[in-house]
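Working notes, structure below.
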Amino acid sequence: SQTIHQWPATLVQPVGSPLSLECTVEGTSNPNLYWYRQAAGRGLQLLFYSVGIGQISSEVPQNLSASRPQDRQFILSSKKLLLSDSGFYLCAWSYARGVFFGSGTQLSVL
Amino acid sequence: SQQGEEDPQALSIQEGENATMNCSYKTSINNLQWYRQNSGRGLVHLILIRSNEREKHSGRLRVTLDTSKKSSSLLITASRAADTASYFCATDVKTSGSRLTFGEGTQLTVNP
C-alpha cells in the first residue's frame with residue numbers, strides 16, 4: 001500500500017537559518033507531489049507541485065524553494081528563514097481518487 | 001478570494017444531531033473533495049465527487065454537488081464527539097493539472 005513519510009513533526013528555527021523538510025512516498029511510482037502550508041486556523045495554500053523528477057512549479061512567490069531529486073522524494077528548502085515562514089507544512093501526493101497527506105511539520109521561526 | 005469557501009466558519013452541535021457544511025467555488029471543476037483535519041494533524045481524505053455526479057454517500061457522510069450554483073454540501077448524520085475536527089473542501093479545477101485549492105475550513109465541534 002502507498003504511504004507518505006514527512007519529517008520532522010516539529011521544528012523550531014531561528015530567523016535567518018536554513019530549512020530542509022523532506023517527504024518520501026512509498027508504494028507508487030511517478031506520483032504528483034505537493035507542498036502545502038497552513039497558517040494557524042486557516043486553509044491550505046499550495047506552495048509547490050511536481051509532476052516528475054526535476055519538475056517543480058511554484059504557486060506563490062516566496063522565500064522557499066522545492067526540489068525533487070528522486071521520483072518519490074520531495075524537499076522543501078529555504079536559505080534564510082523569515083518569521084512569516086512559520087506555519088504547518090504538509091506534503092501530499094495525488095492519485096485518481098484523491099490526495100494523501102503526510103502528517104505535517106509544525107515550523108516555528110523565532 | 002480562494003476557490004473553495006466553506007460556511008459556516010464554525011459550527012457547534014450536540015451529539016446525535018446532523019451537521020451540514022457548505023462550500024462554494026468560482027470556476028469549473030473536475031471534482032470536489034472533502035477533507036477532515038484533527039487539530040495539529042495531517043488531512044484525511046473523506047470523499048470525492050466528480051463534476052458529473054450530484055450526490056455521494058460514504059457511511060454517515062453525504063455530499064451533494066450543484067455545478068449550476070457552484071456549491072457543495074457535506075452532511076454528517078448522527079454526529080459523534082469524535083467527529084469534532086476541521087473540515088475542508090478542495091476543488092480540482094479544470095485548468096489546474098491536478099492542483100487542489102482548499103477553502104478556509106469549517107471548525108465543527110460536537111458536544112457530548
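Each value in this text was obtained by applying a stated rule to the coordinates, not by laboratory testing. In this text, all values refer to a predicted model and were calculated from it rather than measured experimentally. All Cβ positions, even for glycine, are placed from backbone atoms using ideal geometry, and neighbour counts span all protein chains on display.
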Worksheet, complete the sentence: Here the tail fraction of P(r) beyond 17 Å, over all Cα-Cα pairs of segment A:8-92, rounds in percent to 45 percent
Practice prompt. Quick one: check the C-alpha center-to-center distance for segment A:74-93 versus segment B:45-112, whole angstrom.
Written response: 27 Å
Worksheet, complete the sentence: Per-residue average of other protein chain Cβ atoms inside 10 Å, peptide A:38-51 -> 4
Worksheet entry | Equivalent-ellipsoid semi-axes of segment B:5-111, from the Cα gyration tensor, Å, largest first | 23, 14, 12
Worksheet item: Applying the Karplus parametrisation 6.51 cos²θ - 1.76 cosθ + 1.60 with θ = phi - 60° to the phi angles of segment B:21-30, what ³J(HN,Hα) value in whole Hz is obtained for each residue in order, glycine and proline being reported as x?
Response: 10, 10, 9, 10, 9, 10, 10, 5, 10, 7
Worksheet entry | Dipole axis of chain A (+1 Lys, Arg; -1 Asp, Glu on Cβ), positive-most option in A:V60, A:I75, A:T3 | A:V60
Worksheet entry | Partner chain coverage, peptide A:99-106 - average Cβ within 10 angstrom | 4
Item to complete: Which order do the peptides A:67-75, B:75-83 take when ranked by the mean count of other beta-carbon atoms within 10 Å per residue, highest first?
Response: A:67-75, B:75-83
Practice prompt. Show me A:8-20, A:49-61, B:17-29 ranked by packing, highest mean number of other Cβ atoms within 10 Å first.
Written response: B:17-29, A:49-61, A:8-20
Discussion item. Averaged over its residues, how many other protein chain Cβ atoms are within 10 Å of peptide B:37-47's Cβ atoms?
Written reply: 5
Item to complete: May I ask you to give the average projected area over all directions of the convex hull of the Cα atoms of the protein assembly as shown, in nm² rounded to one decimal?
Response: 12.2 nm²
